[in-house]
Amino acid sequence: MIIKNLSSKGFRNFSGLEFSPAENMNVIYGDNAHGKTNLLEAIWLFCGAKSFRGAKDSELIGFGQQKAVNSCDFIFGEVEKNAKIIIEDKRKAELNGKMLSSASKLAGNFYAIVFSPTDLNLVNDGPAVRRRFLDTAIGQLYPIYNEKLRSYMKAVNQRNTILRDLKFHSDMEFLLDDFEASLAVNIKDILKYRYRYVEILKEILPEIYGGISGEREILDIEYSSPISKDLPVENIAEILKLSRKEDFITGNTSVGPHRDDLDLCLNGAKVKNFGSQGQKRSVCLALKLSEAKVLKKITGEYPIALLDDVMSELDQNRQNFILNHIKDWQVFITCCDPSNIKGLKNGTVFEMKGGNFCNITVK
């Protein structure tokens with residue numbers, strides 16, 4: 001897919017931005033706080049997801065503005081489309097002039113992947129960050145997955161409530177049988193999506209990482225769960241029942257997709273424990289670029305790639321890979337130091353200042 005034009009008014013520091021990007025590599029550089037990341041954030045919202053910076057909708061409206069309006073003309077599956085996002089008290093969205101029931105309904109109509117400095121936490125932080133990576137990636141491909149995940153978390157919270165109430169009403173334990181039967185079905189559904197996604201990722205990730213690292217190490221990924229993908233629903237319910245004693249003490253459900261993890265290993269050693277900072281950064285970037293390849297494999301469409309401050313702390317070989325070896329899809333890279341992009345062979349460079357473009361160079 002390709003963005004043809006983006007307009008933004010009242011969003012962050014954009015008073016009236018008009019942006020017609022190149023169809024290949026787009027580099028946006030400039031000093032901090034002038035709008036580079038705001039641009040990527042505006043594009044990302046068309047996926048139907050919330051801000052990748054964790055901002056509330058109200059924080060996306062520019063100072064002194066009543067509302068923000070972003071409009072995007074893009075090509076999806078060789079068909080020209082338009083999407084519009086209006087942010088007032090909450091986000092609303094239109095697709096081809098038709099108002100959607102919620103902004104999240106844009107999911108499946110616009111694909112993008114985003115890499116930001118906070119994504120370095122994919123390796124360093126706990127399992128929740130890696131689960132969120134999986135859930136966001138799968139949710140773009142299969143919007144129904146988001147509904148299954150919400151249903152699952154609702155059931156988990158209900159089970160937790162019963163567990164805590166058992167301290168005062170021990171005769172309520174029979175209620176857990178019904179919740180666990182329902183929970184087991186949800187677990188089976190979610191794990192089906194996650195295991196399948198990781199199997200595809202496993203085919204793509206080593207090649208992407210090899211390109212970034214110069215083939216110096218082998219990267220492997222595994223989905224880590226005490227529940228195997230082939231386990232019947234009845235057995236999953238039995239696992240939940242066996243965990244009741246421990247869960248009664250903590251008041252929380254200890255097994256299920258909300259506790260699973262991704263194992264990332266370089267040459268058989270866990271990256272989190274043994275990887276250097278450069279290796280960890282390369283692994284995180286490889287995960288994001290592999291996410292794009294999975295999207296292409298399943299949908300036939302390359303997503304928009306949004307790479308925020310990706311060039312800093314990368315050596316020249318890795319910078320060269322990012323700038324010149326991502327082919328056939330539209331990429332947006334932000335950076336502060338233009339010297340980081342001196343190796344760019346083919347693309348368009350935009351200088352941003354004060355929420356607008358002051359210089360455009362085509363290479």
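The values are calculated or read from the model by the stated rules, or taken from the named source; none is laboratory data. These numbers were taken from a predicted model, which means no experiment stands behind them. Methodologically, a virtual Cβ is constructed for each residue, glycine included, from the backbone with ideal geometry; neighbour enumeration extends over all protein chains shown.
Got a sec? Which of LYS280, LYS241, LYS288 is crowded, with 21+ Cβ neighbours inside 10 Å and basic (Lys, Arg)?
Criteria check complete, one pass: LYS288.
Return the residues of the range 86-96 that are at pLDDT 95 or above and not in a strand (DSSP E or B); say none if nothing qualifies.
Across the range 86-96, the qualifying residue is only ASN96.
Restricting the search to the range 57-85, which residues are over 21 Å from ALA137 (Cα atoms) and assigned to a loop (DSSP other than H, G, I, E, B)?
Scanning the range 57-85 gives GLY62, PHE63, GLY64, GLN65, GLN66, LYS67, GLU78.
Just to be sure before I move on: is ALA68 of a type in the set (Gly, Ala, Ser), in contact (Cβ under 8 Å) with a residue 60 or more places away in the chain, outside the structural domain of GLU147 (by TED's automatic domain parsing) and touching a Phe, Trp or Tyr at 6+ places or on another chain (Cβ under 7 Å) in the structure I sent?
For ALA68, the condition - of a type in the set (Gly, Ala, Ser), in contact (Cβ under 8 Å) with a residue 60 or more places away in the chain, outside the structural domain of GLU147 (by TED's automatic domain parsing) and touching a Phe, Trp or Tyr at 6+ places or on another chain (Cβ under 7 Å) - is met.
Take the residues in the range 327-352 that are crowded, with 21+ Cβ neighbours inside 10 Å and β-branched (Val, Ile, Thr); name whichever of them is farthest from LEU295 (Cα to Cα).
Among those that are crowded, with 21+ Cβ neighbours inside 10 Å and β-branched (Val, Ile, Thr), it is THR334.
Here is a list: ASN96, ASN121. Which entry is more than 29 Å from PHE248 (Cβ to Cβ) and within 22 Å of the chain's Cα centre (by Cα)?
Within the list ASN96, ASN121, the selection yields ASN121.
Go through the range 6-32 and report how many residues are out of contact with any Cys (no Cβ under 8 Å at 6 or more places or on another chain) and either among the acidic types (Asp, Glu) or modelled with pLDDT under 90 (or both).
Total satisfying the criteria: 2.
List the number of the failed condition for LYS105; all other conditions in (1) at pLDDT 95 or above; (2) exposed (fewer than 15 other Cβ atoms within 10 Å of the Cβ); (3) part of a helix (DSSP H, G or I) hold.
(1)
Would you list the helices (runs of 4 or more DSSP H) that sit entirely within the range 233-315 and hold 2 or more residues that are over 30 Å from LYS167 (Cα atoms), touching a residue at least 24 places away in the same chain (Cβ under 8 Å) and of a type in the set (Val, Ile, Thr)? Give the derivation first.
Numbers: elements: 233-242, 244-250, 271-274, 277-299.
Correct list: 277-299.
Looking at the range 347-363 only, could you name the residues that are at pLDDT 90 or above and outside any strand (DSSP E or B)?
Hits for the range 347-363 are GLY347, GLY354, GLY355.
Residues in the range 127-186 that are surrounded by fewer than 16 Cβ atoms within 10 Å (Cβ to Cβ) and touching a Cys at 6+ places or on another chain (Cβ under 7 Å): how many?
So the answer is 0.
Against the conditions (1) closer than 12 Å to PHE110 by Cβ; (2) surrounded by fewer than 19 Cβ atoms within 10 Å (Cβ to Cβ), where does ILE85 fall short? Just the number, please.
Only one criterion in (1) closer than 12 Å to PHE110 by Cβ; (2) surrounded by fewer than 19 Cβ atoms within 10 Å (Cβ to Cβ) is unmet by ILE85, namely (2).
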